[in-house]
1. What does the extension gain come out to for residue 39 and residue 228, with contour length at 0.36 nm per residue minus their alpha carbon separation?
2. Mean residue ellipticity at 222 nm from the helices of the chain, using -39,500 (n - 2.57) per DSSP H segment of n ≥ 4 over the full residue count, to the nearest 500 deg cm²/dmol?
3. Just the Cα atoms of the chain, one point each, no solvent: what log10 I(q)/I(0) does Debye give at q = 0.09, 0.13, 0.14, 0.17 Å⁻¹?
4. How many percent of the alpha carbon pairs in region 33-155 exceed a separation of 20 Å?
5. Relative to a virtual label point 7 Å from the Cα of residue 236 in the Cα→beta-carbon direction, which members of region 140-171 show backbone nitrogen distances below 17 Å?
6. Taking every eigenvalue of the Cα gyration tensor of region 110-227, multiplying by 5 and rooting it, what semi-axes result, largest first, whole Å?
7. For a footprinting-style exposure proxy, rank 176, 149 by other Cβ within 10 Å, fewest first.
8. So for the chain, averaging the separation of alpha carbon pairs under 8 Å that are six or more residues apart and normalising by length, what relative contact order in percent results?
């Protein structure tokens with residue numbers, strides 16, 4: 001029966017892309033001016049939350065938080081990654097906790113989005129050790145200034161999302177080195193609302209994005225020898241709601 005929905009899926013995906021790029025293009029000059037000075041970065045963050053709200057509103061996507069813990073920060077924030085929608089949604093998930101994204105350097109080649117990874121967010125070139133180390137030092141510096149850092153611990157969108165890929169160690173090493181808590185986040189529905197592949201016919205529809213913001217995982221006193229345990233624990237915390245709300249998908253295995 002899904003083939004009957006394909007024309008509607010294609011129309012919605014095109015509509016989503018048009019809204020996304022149109023809204024960002026309209027606000028681009030304001031971002032460009034604000035990003036000229038570091039003292040404006042908090043204003044840039046607040047404007048990003050507004051722009052994200054506009055995009056999601058016109059794309060008919062609404063957030064539903066299943067938990068509401070008290071947040072202070074700074075944190076190393078670790079959400080699962082199942083859709084390009086995750087990035088936009090993060091600004092609605094945590095609109096009052098200022099954060100920067102830390103992501104792969106390929107984002108520097110994306111139109112419009114590249115301005116953020118050149119000026120405020122942190123691009124990591126994993127193939128160049130010196131560049132990667134520079135990015136890590138910048139992340140630690142921003143944590144010390146009170147900014148949280150968002151890192152998708154899977155490193156990419158898994159081919160069989162929402163099932164998790166194994167987590168990489170970078171987020172957990174950063175949290176231990178900086179002695180700041182991990183904040184796990186489970187994004188349950190984004191793979192249904194806007195799946196990555198195929199480009200035109202992957203899952204796409206309006207709806208509610210359910211989110212679980214978990215309790216923070218402290219790292220005070222942890223050392224490198226605790227990294228693997230911390231990584232596994234965070235994996236289990238994030239994975240539990242995915243197992244709960246996507247039982248049928250997991251039972252297919």
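The numbers here are math on the coordinates, done by the rules we state, and not lab data. In this text, all values refer to a predicted model and were calculated from it rather than measured experimentally. As a convention, Cβ positions derive from the backbone with ideal geometry for all residues, glycine included, and neighbour counts pool all protein chains shown.
1. Values: separation 189, 0.36 × 189 = 68.04 nm, distance 3.71 nm.
Difference between extended and current length: 64.3 nm.
2. Numbers: 9 runs with 115 residues, N = 253.
-14500 deg cm²/dmol, from helical runs alone.
3. Result of the Debye calculation: -0.39, -0.85, -0.99, -1.47.
4. Values: 3356 of 7503 pairs.
Beyond 20 Å sits 45 percent of the P(r) for region 33-155.
5. Inside the label zone: 164, 166-167.
6. Numbers: eigenvalues 153, 75, 40 Å².
For region 110-227, the semi-axes come out at 28, 19, 14 Å.
7. On the way: 176 22, 149 26.
Taking fewest neighbouring Cβ atoms as first place, the list is 176, 149.
8. Details: 382 pairs, mean separation 63.0, N = 253.
Normalised by residue count, the contact order of the chain is 25 percent.
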